[in-house]
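These notes are about the structure you will find just below.
The values are calculated or read from the model by the stated rules, or taken from the named source; none is laboratory data. No experiment lies behind these values; they were computed from the predicted model shown. So basically every Cβ, Gly included, is an ideal-geometry build from the backbone, and we count neighbours across all protein chains shown.
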Amino acid sequence: MPSKGDILRLKCRLSNPYPNEDCGAEEDLTIGAAFRCRDGILLAGDRLRTKGDFGTFVTKVRAFTPRKNLLGAMVGAGHSRFIDALYDRINGALNGSMTLFKARLAIDNARRKMYGEDITLVGKNNDEPHFTFLIALWSRKDGFQLLSGTSDAPTSIVEDDRYVAIGTGAPLANCLVKTFYSLDGTCEEAALISTMALKLVKRFVPGCGGGTNIIAVMQGALARPRSVRARKEVEDRFLGFFRSSRISLRKFVRCHCQNPLLVRRFPREEKTRHISQG
């Protein structure tokens with residue numbers, strides 16, 4: 001049976017248009033997910049970043065600098081150097097006076113510049129920039145909006161789907177979330193679902209791993225669980241459920257959706273104050 005390292009090397013060779021060169025590009029073989037909830041939008045992602053056979057742990061779900069009337073967060077998958085640069089561009093382009101329409105134009109303009117102007121960043125292999133991303137936004141005037149985009153396609157609004165995932169771990173996450181649970185709840189419930197889905201992905205999909213980053217973009221607030229122990233507890237309980245398969249996933253969610261370590265870190269729906277990200 002091939003090892004995890006062998007699988008990563010094979011994928012690296014297949015994705016390299018210059019097979020005689022070393023494949024040293026940082027590639028987020030990752031999982032990113034977004035949940036459109038009644039009280040906001042929750043983003044989640046893993047923390048493993050790979051480069052060849054090596055990996056480091058980074059924060060992939062990142063909030064933009066909070067503005068008085070505009071809040072947002074982003075998760076990306078693909079070539080890490082471009083995702084990082086795109087985040088910086090978008091963070092600098094947003095301002096609190098923007099409508100969501102203008103914010104989306106600024107985001108797409110940053111994406112086009114990344115794809116069209118920054119090819120010089122790619123290094124000796126001259127790979128074209130490749131990335132996908134999800135962005136959650138809230139404005140005091142327009143409410144919530146979830147955006148999805150890729151390096152070579154216009155940024156679009158996610159209107160119909162309550163849940164969307166990106167990265168190599170997306171198919172497995174989709175299987176868990178869409179097959180066994182129909183999400184139409186709160187960010188608290190989405191925090192639990194995303195923790196379980198990402199744990200499954202990190203266990204079985206090469207290139208996905210590390211901890212889990214979660215940020216909820218809510219009305220006037222950016223929130224996330226403040227305890228690593230909370231996510232670890234949910235993951236451990238979920239693995240026990242997954243091995244036994246004696247109860248339905250929906251029942252598991254009902255039993256654990258009030259986990260005080262995880263879900264109580266989010267503001268109630270009626271609260272609009274800013275809270276620290278922890």
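Please verify whether the stretch 152-164 includes one or more residues that are at pLDDT 90 or above, farther than 17 Å from A44 by Cβ and buried (at least 18 other Cβ atoms within 10 Å of the Cβ). Yes, that holds for at least one residue.
The number of residues in the stretch 202-240 being crowded, with 20+ Cβ neighbours inside 10 Å and in contact with a strand residue (DSSP E or B) (Cβ under 7 Å, 6 or more places away or on another chain) comes to 16. Remark: K141 falls outside the filter, which requires a residue to be surrounded by fewer than 20 Cβ atoms within 10 Å (Cβ to Cβ) and free of Cβ contacts under 8 Å to residues at least 12 places away in the same chain. If you filter the stretch 61-89 down to residues that are among the β-branched types (V, I, T) and surrounded by 24 or more Cβ atoms within 10 Å (Cβ to Cβ), you find that the one that is modelled with the highest pLDDT is V75.
The residue that is surrounded by the fewest Cβ atoms within 10 Å (Cβ to Cβ), counting only those in the stretch 174-196 that are aliphatic (A, V, I, L, M) and farther than 12 Å from F35 by Cα, is L176. Which residue is farthest from G116 (Cα to Cα), if the candidates are limited to the stretch 132-158 and must be among the small types (G, A, S) and in a strand (DSSP E or B)? Of everything passing the filter in the stretch 132-158, G143 is farthest from G116 (Cα to Cα). The number of residues in the stretch 63-106 being within 16 Å of the chain's Cα centre (by Cα), free of Cβ contacts under 8 Å to residues at least 40 places away in the same chain and closer than 20 Å to H130 by Cα comes to 2.
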